[in-house]
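J.: Quick one: structure below, then a few questions.
All of the numbers you see were taken from the coordinates with simple rules; none came from a lab. Given the structure is predicted, the values throughout are model-derived calculations rather than measurements. As a convention, Cβ positions derive from the backbone with ideal geometry for all residues, glycine included, and neighbour counts pool all protein chains shown.
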Amino acid sequence: MTLASQLLTWYYENARDLPWRQNNDAYKVWVSEIMLQQTRVEAVKNYYTRWMERFPTLDTLARSSEQEVLTYWQGLGYYSRARNLLLGVREVCARYDGKVPDNAAEILRLPGVGEYTAGAIASIAYNRPVPAVDGNVLRIFSRLFCIEDDITKQGTKRKIHGLIQNCMPKEQPGNFNQALMDLGSAICIPGHPRCSLCPLTKYCEAYAREVQDVLPVRPPRKQPLHVTLASGIVKNGESLLVRQRPSTGLLAKMWEFPSIELEKNSAPSAMLPALIKADLAQEIVLGQKLFHCIHTFSHRKWDITFFDCRWLDGGALPPFARWLPISEITSLPWAGPHLKAAAALFK
């Protein structure tokens, strides 16, 4: 029995029951794979189900606004994924008559689609023998073939891609890729793999040499930059002062309460009212602390405190700001921790 047949036998008996595996529609595979980037499977399930209820077809999504799409993506993070997905489906409608291309090379040209996603769509939806290589698969094959090179290097990735291509069966390549995903999630996990449960131990060189716990090799992860912020909850009657973030950069176009990054040893009592006056033409008085949270992104950690602010007076707001009725608080796509604050303070 080959490595592929052994793996597939295991998969058919142990495959995870996931909502996006109910059929192999290319659009649904595409959505699931984009959602699963940098996000745990358990966290994605409910988002995927809710998404498909609102955007059941590629055409439905293509005709939706970016703000609505971001609202349905809210909480998954890495919002450029949602924007690129929207751009991608619109391009499929414009260039491919609403049908996702059936080969990896063309899929790869779509916005936000990398080699892994292109391989997953081509193999699962169209039965093309194309590897889908993510961190899980790099880890599995670094152990199977005892590769001691840094798996983040392009040369190592190319080497592993070739090894996967050699192992991939012509029949059921999509199931082969999904089997690797499940194996990496449940058995060939980081740190200490569960080798006693693995169907591939007789093929695994790292297991034979007893070095599976030290592979794969990768550089140490950098710690995120710690950033301290203050944010103002400004209430005027039954409305809240909110602003939209810039169109580029972190959490682009998402909505937030007015906020400022604090310098070391600086007090928000002067800085936050001054910011709100300069940027939004509103006079406020800073009050007590209402809510505090720490929100970690891949490259930075926000330590943010929300303050109760008493509104005094103000002129017309700039185009990027508005008074949001509290009853409409769920209508906007919120920026990271601002969603937590809104949920906690205005249930």
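J.: State the extension gain, in nm to one decimal, for the chain segment bounded by Ser65 and Ile326, taking 0.36 nm per residue of separation less the distance between their alpha-carbons.
T.: Value of the extension gain: 91.7 nm.
J.: For the range 7-99, what are Rg and Dmax over the alpha carbons, in angstrom?
T.: Gyration radius and largest Cα-Cα distance of the range 7-99: 14.0, 44 Å.
J.: Calculated from DSSP H runs of 4 or more alone, at -39500 (n - 2.57) each and per residue, what is the 222 nm mean residue ellipticity of the chain, nearest 500?
T.: Per the formula, -13000 deg cm²/dmol.
J.: Could you list the square roots of 5 times each eigenvalue of the Cα gyration tensor of the chain, that is, the equivalent ellipsoid semi-axes, sorted largest first and rounded to whole Å?
T.: 45, 24, 16
J.: Place a +1 charge on the Cβ of each Lys and Arg in the chain and a -1 charge on the Cβ of each Asp and Glu, then give the dipole magnitude about the Cα centre in debye, rounded to the nearest 20.
T.: For this selection, approximately 320 debye.
J.: Binning at 10 Å from 0, report for the range 51-106 what percent of all alpha-carbon pair distances ends up in each bin.
T.: 24, 53, 23, 1
J.: Further question: What does the highest-first list of 119-128, 315-324 look like by mean Cβ count within 10 Å?
T.: 119-128, 315-324
J.: Can you tell me the orientation of helix 336-345 relative to the chain, as the angle in degrees between its alpha-carbon axis and the longest Cα principal axis, to the nearest 10?
T.: 60 degrees
J.: May I ask you to compute the full-extension gain from Ser5 to Ala281, defined as 0.36 nm times their residue separation minus their alpha-carbon distance, rounded to one decimal in nm?
T.: Length gained between Ser5 and Ala281: 92.6 nm.
J.: Still on this model: Quick one: work out the % antiparallel among DSSP beta bridges in the chain, nearest 5.
T.: Just about 65 percent of them are antiparallel.
J.: Any idea how far the Cα center of the range 29-54 sits from the one of the range 157-236, in Å?
T.: Computed from Cα coordinates, the inter-centre distance equals 19 Å.
J.: Can you give the Rg/Rh ratio of the range 225-345, where Rg is from the C-alpha atoms and Rh is the Kirkwood radius?
T.: Radius of gyration relative to Kirkwood radius: 0.93.
J.: Now for a separate question. Kindly work out what percent of the DSSP beta bridges joining two residues of the range 225-345 are antiparallel, to the nearest 5.
T.: So the antiparallel bridges amount to about 65 percent of the total.
J.: Viscosity 0.890 mPa s, temperature 25 °C: what is the translational diffusion coefficient of the range 56-168 from Stokes-Einstein with a Kirkwood Rh over Cα pairs, rounded to a whole number of µm²/s?
T.: Reported coefficient: 157 µm²/s.
J.: If the viscosity is 0.692 mPa s and the temperature 37 °C, what Stokes-Einstein diffusion coefficient in µm²/s follows for the range 131-266 when Rh is the Kirkwood radius over Cα pairs?
T.: The diffusion coefficient I find is 176 µm²/s.
J.: State the answer as a single residue: which of Ala104, Val133, Tyr27 lies farthest towards the positive end of the charge dipole of the chain, with beta carbon charges of +1 for Lys and Arg and -1 for Asp and Glu, about the Cα centre.
T.: So the residue furthest toward the plus end is Val133.
J.: If I histogram all Cα-Cα distances within the range 271-319 using bins 5 Å wide from 0, what percent of pairs lands in each bin?
T.: Bin by bin from 0 Å, the calculated values are 5, 18, 20, 19, 16, 14, 7, 1.
J.: Measuring from label point to label point, each 7 Å out along Cα→Cβ, what is the Ser239 to Leu18 span in nm?
T.: So the two model labels end up 4.4 nm from each other.
J.: Among Asn84, Leu324, Gly162, whose Cα lies farthest out toward the positive end of the dipole of the chain, if unit charges sit on the beta carbon of Lys, Arg (+1) and Asp, Glu (-1)?
T.: Gly162
J.: Which residues does the label zone of Arg218 cover in the range 1-37, counting backbone N under 14 Å from a point 7 Å along Cα→Cβ?
T.: What the label zone holds, given the 14 Å backbone N cut-off, is 37.
J.: Ser196 versus Arg209, label points 7 Å from Cα toward the beta carbon: distance in nm?
T.: Here the modelled spin labels are 2.5 nm apart.
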